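Trainee: Structure incoming, see below.
The values are calculated or read from the model by the stated rules, or taken from the named source; none is laboratory data. Bear in mind that the values here come from a model prediction, so they are computed numbers and not experimental data. Reconstructed Cβ throughout: ideal geometry from the backbone, glycine too, with neighbour counts over all protein chains shown. Ligands, DNA and RNA are excluded from the accessible area calculation, which covers all protein heavy atoms including side chains. Shrake-Rupley method; radii C 1.70, N 1.55, O 1.52, S 1.80 Å.
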Amino acid sequence: MVIGMEYGAVPFEKRIKENIKNYAMDNLYPVDSLREHLKALAAITGAELLLTDRHGEKVVSVGNFAGFLPDVVGEPGKKVRVCNRTIAHLYVKMDGVEAGKEQVVEDMLDAEVKMFSCLGEEAYRHREYAIYMDELEEKLGEKHIQTVNGETEDALTGVYHKFYFEERMRAMDDSEVVPVAVINANINDWKYVNDHFGDEESDRLIRTIAGFLQKEAKSDYVIGRVDGDVFIVLIPVAEDGEAEGYCSRVQAACLAFEDEKLAPSVACGIVYKTNVEEKITDKLADAEYEMFNNKFDIKNAPGYRARLEKKKQTPEEA
């Protein structure tokens, strides 16, 4: 399920460029069919194949990849890209390929990756268009109601909702305040919680992390929930190390949280607006990039997966 995409008076092509970040592989491809296809491809070529999502999480493995830790930043393998954004990585071991046919297999796999990209883009555009047309009128109406009634808060979390946050962001630009720390805070493995415990618990996870973001913030911090599991925090006139300290406290609060089901974790990316001529919106993509780097480190740290998966069963179910 794709969550949290906000629609409004925005051109469709702009939405196409932005919303691909909300899609995982299983939103675009039938994973069972991909698995069968890669098994057949491995049998034909002799290559061993590992398909991961954009963060390096295994999706399909055909062959022996025990102990292999994907490095999607340093050694990303063959990238499957949809609308100029990486959606998956294909890693290949050629040890079993017949001698002299390595280049043929390499070319075949490159063609397969291009095919995956084309099929993914077609599925993405078709789905986005259907959602956009169905919800555009409803979302515009919702924005109008919020504006008329003076509502500023996201109903689930109590931080600013997307529309009011964008107003605050523009106001901060107009005030020519610098430096401004721009923090992208993205919940790790929200989908895991949703898949294993359902909407109620995944919503509780979002509320829990929103609570940490609010508790550790100073009164002048501007916090908005801009997507289903994504928050942006703005720190005006940020002092040296202030944003880094804030993120460290939030992440420490996540690790200290004890619960039968939830193991909250959040990845943070920090960038700075240092010139009054810059716009905060121009910094959001850089903050997201830094967040993904932090997410990779967190999710590949010792103990992360064990902490997450030990919550899969309640004591009564164990």
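Trainee: Name the single residue that is nearest to L262 (Cα to Cα) among those in segment 178-197 being in a loop (DSSP other than H, G, I, E, B) and open to solvent by 20 Å² or more (accessible area, probe 1.4 Å).
Mentor: Filtering first and then ranking leaves D189.
Trainee: Among the numbered criteria (1) in a strand (DSSP E or B); (2) open to solvent by 10 Å² or more (accessible area, probe 1.4 Å), which single criterion is violated by V233?
Mentor: (2)
Trainee: So, L213, is that one out of contact with any Asp or Glu (no Cβ under 9 Å at 6 or more places or on another chain), at pLDDT 95 or above and either part of a helix (DSSP H, G or I) or surrounded by 13 or more Cβ atoms within 10 Å (Cβ to Cβ) (or both) or not?
Mentor: yes
Trainee: Can you tell me which residue is surrounded by the fewest Cβ atoms within 10 Å (Cβ to Cβ) among those in segment 53-91 that are more than 23 Å from Y124 (Cβ to Cβ) and among the β-branched types (V, I, T)?
Mentor: Checked segment 53-91; the qualifying residue surrounded by the fewest Cβ atoms within 10 Å (Cβ to Cβ) is V73.
Trainee: Okay, next question. For segment 97-109, what are the residues that are on the phi < 0 side of the Ramachandran plot and loosely packed, with under 12 Cβ neighbours inside 10 Å?
Mentor: Looking only at segment 97-109, we keep the residues that are on the phi < 0 side of the Ramachandran plot, and these are 97-99, 101-109.
Correct list: E98, A99, Q103, D107.
Trainee: Scan (1) farther than 20 Å from A171 by Cα; (2) of a type in the set (A, V, I, L, M, F, W, C); (3) open to solvent by less than 30 Å² (accessible area, probe 1.4 Å); (4) at pLDDT 95 or above for the single condition L308 breaks and write down its number.
Mentor: L308 satisfies every listed condition except (4).
Trainee: Further, regarding this structure: In segment 243-282, what residues are charged (D, E, K, R), assigned to a helix (DSSP H, G or I) and open to solvent by less than 30 Å² (accessible area, probe 1.4 Å)? Before you say what the answer is, go through the steps one by one.
Mentor: Looking only at segment 243-282, we keep the residues that are charged (D, E, K, R), and these are 244, 249, 258-261, 273, 277-279, 282.
Checking the rest, the ones that are also assigned to a helix (DSSP H, G or I) come to 244, 249, 282.
Correct list: empty.
Trainee: Among G67, G56, G100, which is within 22 Å of D26 (Cα to Cα) and in a loop (DSSP other than H, G, I, E, B)?
Mentor: G56
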